[in-house]
Amino acid sequence: MQSVLLVDDNEEILSTNHAHLAEHGFFVTCANTGVKAISLLNTNRYDCIVLDILLPDLDGYAICKAARTITDTPIIFLSCLDEPNDKVKGLSVGGDDFVSKPYSLKELTARIVAIIRRNEHVEAYKGDFWIDSDNKMIRISGKNILLSEKEFALFLLFYENPDTVFSKEMILDKIWHNSAEVGIVAVRISRLRRKLEFAEGVLGRIESRYGTGYCFTTAEVNE
């Protein structure tokens, strides 16, 4: 039976979500404070965490950061905050999805099922890696990496074309459509490298080829 941890200080929401998810076959645990949630995460394993942001002791962002030091369990933020910056912050601190209140129980359940299924699929591969095109984000080894639009486009260009050498001029054409100076290419690639450096052993790396350009070399995984 798949288990879900619900974290919310609204007892009515907790009760309603608990009852609905239990009816759909989940084992559900509830916490109405951040301290209680972290305590539960230190002693139990869950398949998904549904986390409110506005709590009486710790905010959801702080809880998410703390959770990411002890678990890679998918986290869905469930909050009345629905501004784009709220969602970006939630994803940048380690969240995997964001549902705004008010919401439908059917949608919440579907998202929980989908994110658990995705996580099970991801964990079948060495390195824990997936790409979130909608949010311009990649997840590597349990960490969510937010990229700018151009960084994400650069990443996809290299990732989808391993061992292919791209000159600066080619990259400028494909990513910027020749609307910028060629010098921007090296600057953006340098930033992208820094963001992905920790995961080179899992993912691979963007290498400079003297006099020709750049090439993405995938990591060698020992069987």
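The values are calculated or read from the model by the stated rules, or taken from the named source; none is laboratory data. Keep in mind it's a predicted model, so treat the numbers as computed, not measured. In this analysis, Cβ positions are derived from the backbone assuming ideal geometry, glycine residues included, and neighbour counts consider all displayed protein chains.
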Select from the stretch 70-94 the residues that are under 17 Å from residue 55 (Cα atoms) and modelled with pLDDT of 90 or more and write down the one among them that is surrounded by the fewest Cβ atoms within 10 Å (Cβ to Cβ).
76
Under 8 Å between Cβ atoms, at least 6 apart or on separate chains: pull out the pairs that start in the stretch 94-117 with a residue that is assigned by TED's automatic domain parsing to the domain that holds residue 75 and touching a residue at least 60 places away in the same chain (Cβ under 8 Å) and end on any residue that is of a type in the set (Phe, Trp, Tyr) and buried (at least 19 other Cβ atoms within 10 Å of the Cβ).
112/26
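Go through 175, 145 for me and flag whichever is over 24 Å from residue 210 (Cα atoms), of a type in the set (A, V, I, L, M) and either in contact with a Lys or Arg (Cβ under 7 Å, 6 or more places away or on another chain) or not in a helix (DSSP H, G or I) (or both).
One residue alone meets the criteria, 145.
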Qualifying residue in the stretch 186-198 (condition: surrounded by 14 or more Cβ atoms within 10 Å (Cβ to Cβ) and over 20 Å from residue 133 (Cα atoms))
no
Going through the stretch 188-223 in order, the residues found to be farther than 16 Å from residue 175 by Cβ, at pLDDT 85 or above and of a type in the set (S, T, N, Q) are 208, 212, 217
Out of all the residues in the stretch 144-158, is one or more acidic (Asp, Glu), outside the structural domain of residue 92 (by TED's automatic domain parsing) and in contact (Cβ under 8 Å) with a residue 24 or more places away in the chain?
yes
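If you go through the stretch 117-131 one residue at a time, do you hit one that is among the β-branched types (Val, Ile, Thr) and in a helix (DSSP H, G or I)?
First, pick out the residues of the stretch 117-131 that are among the β-branched types (Val, Ile, Thr): 122, 131.
With the extra rule that they be in a helix (DSSP H, G or I), the set shrinks to 122.
Yes, that holds for at least one residue.
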Give me a count of the residues in the stretch 101-159 that are touching a Pro at 6+ places or on another chain (Cβ under 9 Å) and at pLDDT below 80.
2
Here is a check on your reading of the model: is residue 169 touching a Lys or Arg at 6+ places or on another chain (Cβ under 8 Å), charged (D, E, K, R) and surrounded by 12 or more Cβ atoms within 10 Å (Cβ to Cβ)?
no
Filtered residues of the stretch 79-103 (kept if of a type in the set (A, V, I, L, M, F, W, C) and under 20 Å from residue 133 (Cα atoms))
88, 91, 93, 98, 99
Of the listed residues (53, 49, 76), the one being within 24 Å of residue 195 (Cα to Cα) and free of Cβ contacts under 8 Å to residues at least 60 places away in the same chain is 76
